[in-house]
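Scroll down for the structure; my scribbles are underneath it.
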Amino acid sequence: MFNIEEFDIKCNTEIIGRNFIYLDEIDSTNSFLLNKSEYNEHGTIVLTEYQSAGKGRLDREWVSTKEENLLFSILINEDIDAENVNLIVLGSSLAVAQSIENLFQLPVEIKWPNDILIAGKKVSGILLESSSKGNVIEKVVIGFGINVNQTSFEGQYGIRPTSIRLEAGHPVSRERLLSEILNNFEEVLTQIFSDSSKVLNDWKSRCKMLGERIKISDGENTKTGIFEDVDEMGFLLLRTQSGLEKILFGDVSLRT
Amino acid sequence: MDLNLLKRLIRIVERSEITEFEVEEGDLKVKISKNNGTVQQIIAQPQTAAPQAMPMPNAPAPAEEAKEETKSEDGGNDYYEIRSPIVGTFYRAPAPDADPYVQVGDTITPGSVLCIVEAMKLMNEIESDVGGKIVRILTENATPVEFNQPLFLVEKD
């Protein structure tokens, strides 16, 4: 079971995670924070040991064994706009990547926009959901799924999964890892408002496939080209025969 | 002055009951005042004796245009525009094989879910901020939309 005292000792944040909800089991931590209006404090996190309906993009499942991994969502509802919300998408993966590097010295790569890979295998996925009233974004929830101590993965996966334990070669403290992630996330969030180019550059320095020939699929169509850069909003710039194209979403892979 | 800070100040004033706000930082003075619900900003040059004035920072566009009822061409009615809060791809239904959230002619209330706009790994659900009837859907399903692009026309109650 997650030891909240152990987590709390290491967590140095001022806002993120100061309102902490622990649930033994829930359908989805994102849905919980989006739908429960009584938990509306900026920076609230909800952590669960098991999700019965964990999800990724396109309603893909996120499966995780009980009490071995980190499944949590963070609620952000202050100062969100069309520009910084995309940097929150990228910045959330940056915080996780920095934390894994700091604690375990593992070589971490980010796959656009925010999957985290170690040795080409997926260790973390992040799905953000938000709600807007008219054209005002009222709240954003950032759902993190991180494979921490799980050692076997069954089933079909788009990218081969791994866990930090498998890569580091020893069991890992989830409490220590979560506190590190929240510490880094709070710093990244502050930078998004003060020095967003730093966030973008830190993210780019970990981005796998930048400069490579890639293919990108939106579920229906596949495009190929050179992953030239990301723009200031974080969108992928794909160099194709017809010029530079801005990609808003999709699954990126190396062209083989 | 930090542009992001300025934007945040404008946002705070816009959301609050405050109609006028002034702050000085070093020799830069910023005054934000709100008239008729829209935020205006005036960046004052320092009144020091500097002979050559520093180049004026380009005044940034207001962070958010106040939503307005637009005069529509449809018979001169005043319809309310629901606009996209982000750059992304517009979806009328929660999944490719699901029914659309709303159709033309549907009655909606504040809080009714109208569509999803997706960007990168962010799924943004857009709720109506007004009650009324959907008069027109301005964007095709699964097409890109820009920030603030009109998506729906609503005849308000």
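Remarks
- Taking B:Cys115, A:Cys207 and counting other C-beta atoms within 10 Å, the order from fewest to most: A:Cys207, B:Cys115
- Folded to 0 to 90 degrees: helix A:174-194 orientation relative to chain A principal axis, Cα: 50
- Fewest-first ranking of A:Leu236, B:Leu153, using other Cβ atoms within 10 Å as the exposure measure: B:Leu153, A:Leu236
- Residues with amide H under 5 Å from that of B:Arg83, placed H, sequence gap 5 or more: A:Asn135, B:Leu151
- A cut-off under 9 angstrom between Cβ atoms defines the neighbours of A:Lys223, and their net charge, with Lys, Arg +1 and Asp, Glu -1, is -1.
- Amide proton proximity set for B:Met123, modelled H, under 5 Å, gap of 5+: A:Leu128, A:Glu129, A:Ser130
- Packing-based ranking of A:71-81, A:244-254 yields A:71-81, A:244-254, ordered from highest to lowest mean Cβ neighbour count within 10 Å.
- Take every Cα pair under 8 Å whose residues are at least 6 apart in sequence, average their separation, divide by the length of the range A:213-254, and the relative contact order is 39 percent.
- Dipole in debye (nearest 20) - the range A:213-254, about Cα centre, beta carbon charges: Lys, Arg +1; Asp, Glu -1: 220
- Alpha-carbon centroids, the range A:1-51 and the range B:118-140: separation in whole Å: 29
- Taking a sphere under 14 Å around the Cβ of B:Val145 and counting the other residues whose Cβ falls inside, with K and R at +1 and D and E at -1, yields a net charge of -1.
- Backbone amide hydrogens, once placed in the peptide plane, bring B:Arg136 within less than 5 Å of B:Leu153, excluding anything fewer than 5 places away on its chain.
- Pairs from A:Lys198/A:Lys246; A:Lys10/A:Lys36; A:Lys10/B:Lys29 whose Cα-Cα separation, in the structure shown, is over 30 Å: A:Lys10/B:Lys29
- Lysine pairs meeting the criterion (Cα under 16 Å, 8 or more apart or interchain), as found in the range A:38-151: 4
- Computed over chain A: relative contact order in percent, which uses C-alpha pairs under 8 Å that are six or more apart: 18
- Taking the Cα centre of chain A as reference, the dipole from Cβ charges on Lys and Arg (+1) and Asp and Glu (-1) amounts to some 1000 debye.
- Reachable aspartates and glutamates from A:Lys204, criterion Cα separation under 16 angstrom, eight or more residues apart if same chain: A:Glu101, A:Glu109, A:Asp115, A:Asp195, A:Glu212, A:Glu228, A:Asp229, A:Asp231, A:Glu232
- Shielding by other protein chains, A:2-12, mean Cβ within 10 Å: 0
- Cβ crowding within 10 Å ranks A:Glu154, B:Glu24 as A:Glu154, B:Glu24, fewest other Cβ atoms first.
Bear in mind these aren't lab numbers, they're just calculated from the coordinates by the rules spelled out. Just so we're clear, the structure is a prediction, and the values are computed from it rather than from any experiment. Positions of Cβ are backbone-derived with ideal geometry, glycine not excepted, and every protein chain shown enters the neighbour counts.
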